[in-house]
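For reference, the structure is listed below as structure tokens.
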Amino acid sequence: MTPELNSSSSLWLRGGKAPRAKAGGLADMCTLLVDSLSERGADVHVAMPHFRSLFREEPMLSRRLHLCQDREFYYRRSVYEGGASDNRRAALVFQRDVIHHVLPQVRPDIVHCHDWMTGLVPAAARKMGMKSIFTIHNLHDEQATLAEIEDRGIDAARFWDGLHYQQYPESYVQSRSWNQVSFLPSAVHAADHVNTVSRSFLHELMDGRHAGTERLNEVLRAKHSAGCASGIINAPDATWNPESDPALVERYGASTHAGAKAANKAALQKACGLEVNPSAPLLFWPSRLDPVQKGCQLLADILYQVTSDHAASGLQVVFVADGPYKRHFEHIADFHGLRHRIAVCQFDETLSRLAFGASDFVMMPSSYEPCGLAQMVGLKYGSLPIVHRTGGLQDTVEHLSPDSGAGNGFVFENHDAGGLRWAIQEAMRFHRQPDGQRHGAVERIMRQSQERFAPASAVDSYVGLFEKLLGRSLQGETNLRYAGK
């Protein structure tokens, strides 16, 4: 059960792809799970909203894709649109269809729910005798009273005692009109197993390191104490491969990366209007320019300083991203006359893929990061990540020591502009190494990353969870009925 999906190849009848409704990495991971489990013989059903205006055409779909029909979804321009009340209303409509129609029809062995928009479903599934897994991809949560939930057509009286409330509920009647139900803690409380998308993010939540998650922390600690919570790192899908990526002007593997990346860099520089200089160190920003999570304000504070510090090397910065801070970077580039070294481009997947193949470093100074995929893509493409030590970034990037030959990126501890500037300086120190030494380190990192961040490793971890819940091995089994929601 997912509000997002990225063109699954297993849910289309004529060899094409299913509808695409994507806002972030949730769509990629759900698609990877659906397609990989289908290839292994599982009977995978998917429930998602019918975002008519986001789908390019009305497809001929598999019976295993259940599109929830309601005008709440039909005319949206993005998966999450409008204010909190709009998205909460959409989530309740979505869950109403799943609870009252999809689950009784499919009767799955396992219900797999993703993020807050599915938070009521584990409690309903438990009442129906179905096992459930809940995956936390992000911190966002919403609350609603039982009265609001039932006004949207969900018979919450059937499973009200499996939900998590703002205050302890004395009874259904006493709580119905005022006691707020929290979606994320409710899912954690009712699910048979809960996982975050990295081990470090799980422990950060349990330790209370993120503001506004107090109710979630408590119930998650209880789940972990019972052995029913874990962290599973996501992985980029198989299309993220520099040896076969059609967006690159020259494709490459670990042993041929040096010359090919120079060719891709020249192509990116021409496409972005930068000075063509294949030897210039190139920093790439791949994520939404969101100051709440992604840390773009740190770079804005030091961007001119960084370009001045490394003017002799011709350091360049490329943004392929949208978001509220985009105009700030455009202003910095214009004010200082740096359009030949700073490119600010709106998001385009083809250009973003080329930037991974062209860049030397990828920047992810997030204040928090449940998992992150861009740092793993960067490692596979030989673009070493510059990251803040948090969540999934901590689990996937180790600080590179040029002297010892260990590590795969550049990690700073304090989330401030000074910390980011230090990490960039460390990256530039690495870039100044002799070509043979630098290329050897990048080759090692690319080889290790191709194996470490292979899609199969993430899928295997989820299969292990399914086997644990069902109490049997799924190897060779072709009749597992799994509802990924």
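Summary table
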| read-out | value |
| --- | --- |
| Two-site FRET efficiency, residue 327 against residue 171, from Cβ-Cβ distance with R₀ of 56 Å, rounded to 0.05 | 0.60 |
| Dimensionless Rg ratio for region 92-142, taking C-alpha atoms and the 2.2 N^0.38 Å reference | 1.08 |
| Between helix 84-97 and the chain: long-axis angle, C-alpha atoms, 0 to 90°, nearest 10 | 50 degrees |
| Sparse-neighbourhood loop sites, trypsin sites (Lys or Arg not before Pro) in region 112-220 - DSSP loop, at most 15 other Cβ within 10 angstrom | 209 |
| For region 324-475, convex hull volume per residue from C-alpha positions, Å³ | 164 Å³ |
| Hull-based mean projected area of region 50-100, where the convex hull spans the alpha carbons, in square nanometres | 3.8 nm² |
| Estimated distance in nm for a label pair at residue 256 and residue 444, the labels positioned 7 Å out from Cα along Cα-to-Cβ | 2.4 nm |
| GluC sites (Glu not before Pro) within region 130-186: DSSP coil, no more than 16 neighbouring Cβ in 10 Å | 170 |
| Fully extended contour minus Cα-Cα distance, from residue 309 to residue 398, at 0.36 nm per residue | 29.5 nm |
| Order of exposure, largest accessible area first, which applies to 438, 421 with probe 1.4 Å | 421, 438 |
| Global form of the chain, assessed from the alpha-carbon gyration tensor, a/c cut-off 1.5 | prolate |
| Using θ = phi - 60° and Karplus 6.51 cos²θ - 1.76 cosθ + 1.60, couplings along region 198-203 (whole Hz; Gly, Pro as x) | 6, 5, 5, 5, 4, 6 |
| Stretch gain in nm, segment residue 53-residue 221, where the contour uses 0.36 nm per residue and the Cα spacing is subtracted | 56.4 nm |
| Rounded, prolate or oblate (a/c below 1.5 giving rounded, otherwise prolate when a/b exceeds b/c) for region 119-164 by Cα gyration tensor | oblate |
| Segment residue 275-residue 23, extension gain: residue separation times 0.36 nm, minus the distance between their alpha carbons | 87.5 nm |
| Range in the chain, longest, excluding exposed chymotrypsin sites (Phe, Trp or Tyr not before Pro) [loop by DSSP; at most 12 other beta-carbon atoms within 10 Å] | 179-485 |
| Amide N proximity, region 124-162 versus residue 292 label position 7 Å along Cα-to-Cβ, cut-off under 16 Å | 137-143 |
| 117, 128, ranked by accessible area, largest first (probe 1.4 Å) | 128, 117 |
| Residue-normalised accessible area of the chain, expressed per residue, 1.4 Å probe, Å² | 39 Å² |
| Radius of gyration, Dmax [region 1-139; alpha carbons; angstrom] | 14.0, 40 |
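The values are calculated or read from the model by the stated rules, or taken from the named source; none is laboratory data. The model shown is predicted, which means the values in this text are computed figures rather than measured ones. When we count neighbours, we look across all protein chains shown, and the Cβ atoms used for this are built from the backbone with ideal geometry, even at glycine. The protein model used for the area step is the full one, side chains on, heavy atoms only, and it has no ligands, DNA or RNA in it. Shrake-Rupley method; radii C 1.70, N 1.55, O 1.52, S 1.80 Å.
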